[in-house]
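Asker: The structure that follows is given in the form of structure tokens.
The values are calculated or read from the model by the stated rules, or taken from the named source; none is laboratory data. Remember, it's a predicted structure, so these values are computed and weren't measured experimentally. All Cβ positions, glycine included, derive from the backbone under ideal geometry; neighbour counts span all protein chains shown. What goes into the accessible areas is simple: the full protein's heavy atoms, side chains included, and nothing from ligands, DNA or RNA. Shrake-Rupley method; radii C 1.70, N 1.55, O 1.52, S 1.80 Å.
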Amino acid sequence: VHHRKLGVLSLVAAGVIMIGSAAVGQTVIRVNVSMPKNGHHGVAIDAFAEELERLTDDRYDVQTFYAGALGAERESIEGVQLGTLEVTFTSTGPVPNFVPELEVLDVPYLFRDYEHARGVLDSEIGEELLARFETAGIKGLAWADNGFRHMTNNIRPITSPDDLDGMKLRTMENPVHIAAYRELGILPTPMAFTEVFAALQQGVVDGQENPISVIESNNFQEVQKYMTLTGHVFSPCVFLMNLDLFDSLPAEDQVAFVEAAKVGAAANRARVDEDEANALDTMRAAGMEIIEDIERDAFIERLAESRQDFIDENGSEDLDRILNWQ
Ligand code: EAX
């Protein structure tokens, strides 16, 4: 294994020759996330690393990078595609830029609740969607959660779409989100997540939207006054790996990567559940006002046109399968 477990000294003492930080015979797998270590992405890649090393008797040395140390989400997916990064765990935000056939996942008010989202992603529908990454030279290892997204801002408490009129919100670089948010009256300002805290602090944007796990673990409550539980879109996460690398592995190692990613996804979902249960209290204690009652139907009505546009462009097969999942 690597320095984290044995320590360099014990490896040297054992007569093992080191190349970089990996022992001879070990393959280095770097995994990058844009979120902090202590959060729902951090626990996912930590659990993945531990499980992969265990399943393969430490033939792999998994090196984990947090808070965008090796790049933001779009750059990480690009890296995985090119093979300059082995694995990333990312939201699907930037995914349509690589695999347009996965746009459906980011359609607003598609998933009813966590049970629905997890059920679909773990079903054969999820398997089929995961396989679509291969057209981009990427192996999708397992789905997980980023979470239901909610809006925060510094202008006013939002309870209806009218409150959003002209509000400048940072969005992900996701075409489905951007089109939908325009219909809500928002002025979407796409930028990489790694720039968001500073943009909120400096007032470059009025607000942003993200799941509770993201907002709390990045301390947005320190720079945002209001949060409305709009739950306007479910944001999946996914473990992605370079496809050529995956294909080059022996079958048993391929199984180990998929299994380890599933263990990572389970750790991620457990943390999301914990955050959903506890993080609002933390944010309230920091002085954030949390608005739970919204005119949900008004939001859905306003988004009808972007839903129709999506269907006109992509058909309704995927959408209906997901909506009708029981
Ligand atoms: O993946 O960019 C975003 O708003 C994402 O939700 C965040 O980076 C977590």
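Asker: Inside the stretch 137-158, can you point out the residues that are more than 30 Å from Glu127 (Cα to Cα) and open to solvent by 30 Å² or more (accessible area, probe 1.4 Å)?
Answerer: Once the filter is applied, which keeps residues that are more than 30 Å from Glu127 (Cα to Cα) and open to solvent by 30 Å² or more (accessible area, probe 1.4 Å), the stretch 137-158 yields Asn154, Ile155, Arg156, Pro157.
Residue-wise test of (1) more than 24 Å from the chain's Cα centre (by Cα); (2) open to solvent by 60 Å² or more (accessible area, probe 1.4 Å).
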residue: Ser248; (1), (2): yes, yes
residue: Val258; (1), (2): no, no
residue: Ala265; (1), (2): no, no
residue: Met283; (1), (2): no, no
residue: Ile294; (1), (2): yes, no
residue: Ala298; (1), (2): yes, no
residue: Glu305; (1), (2): yes, yes
residue: Phe310; (1), (2): no, no
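Asker: Then there is this: Would you check which residues across the stretch 159-180 are more than 16 Å from the ligand (Cβ to nearest atom) and surrounded by fewer than 24 Cβ atoms within 10 Å (Cβ to Cβ) and list them? Please lay out each step first, then the result.
Answerer: Here is the first cut: in the stretch 159-180, the residues more than 16 Å from the ligand (Cβ to nearest atom) are 159-167, 179.
Of everything in the stretch 159-180, those that are more than 16 Å from the ligand (Cβ to nearest atom) and surrounded by fewer than 24 Cβ atoms within 10 Å (Cβ to Cβ) turn out to be Thr159, Ser160, Pro161, Asp162, Asp163, Asp165, Gly166, Met167, Ala179.
Asker: Could you please find all residues in the stretch 7-45 being more than 16 Å from the ligand (Cβ to nearest atom) and at pLDDT 95 or above? Walk me through how you get there before you give the answer.
Answerer: Residues of the stretch 7-45 that are more than 16 Å from the ligand (Cβ to nearest atom), as a first pass: 7-30.
Scanning the stretch 7-45 gives Thr27, Val28, Ile29, Arg30.
Asker: Quick one: count up the residues across the stretch 72-91 that are closer than 16 Å to Ile45 by Cα and in a loop (DSSP other than H, G, I, E, B).
Answerer: Result for the stretch 72-91: 3.
Asker: Is it true that Ala69 is of a type in the set (Gly, Ala, Ser), buried (at least 20 other Cβ atoms within 10 Å of the Cβ) and away from the ligand (no atom under 12 Å from the Cβ)?
Answerer: On the way: of a type in the set (Gly, Ala, Ser): yes; buried (at least 20 other Cβ atoms within 10 Å of the Cβ): no; away from the ligand (no atom under 12 Å from the Cβ): yes.
In short, no.
Asker: Could you list all residues from the stretch 297-326 that are outside any loop (DSSP other than H, G, I, E, B), touching a residue at least 24 places away in the same chain (Cβ under 8 Å), closer than 17 Å to Phe234 by Cα and of a type outside the set (Val, Ile, Thr)?
Answerer: Within the stretch 297-326, the first condition is being outside any loop (DSSP other than H, G, I, E, B), and the residues that meet it are 297-302, 304-314, 317-323.
Now restrict to residues that are touching a residue at least 24 places away in the same chain (Cβ under 8 Å): 298-300, 302, 305-307, 309-310, 314, 318-319, 321-323.
Okay, now just the ones that are also closer than 17 Å to Phe234 by Cα, so 299-300, 306-307, 310, 318-319, 321-323.
Passing the criteria: Phe299, Ser306, Arg307, Phe310, Asp318, Leu319, Arg321, Leu323.
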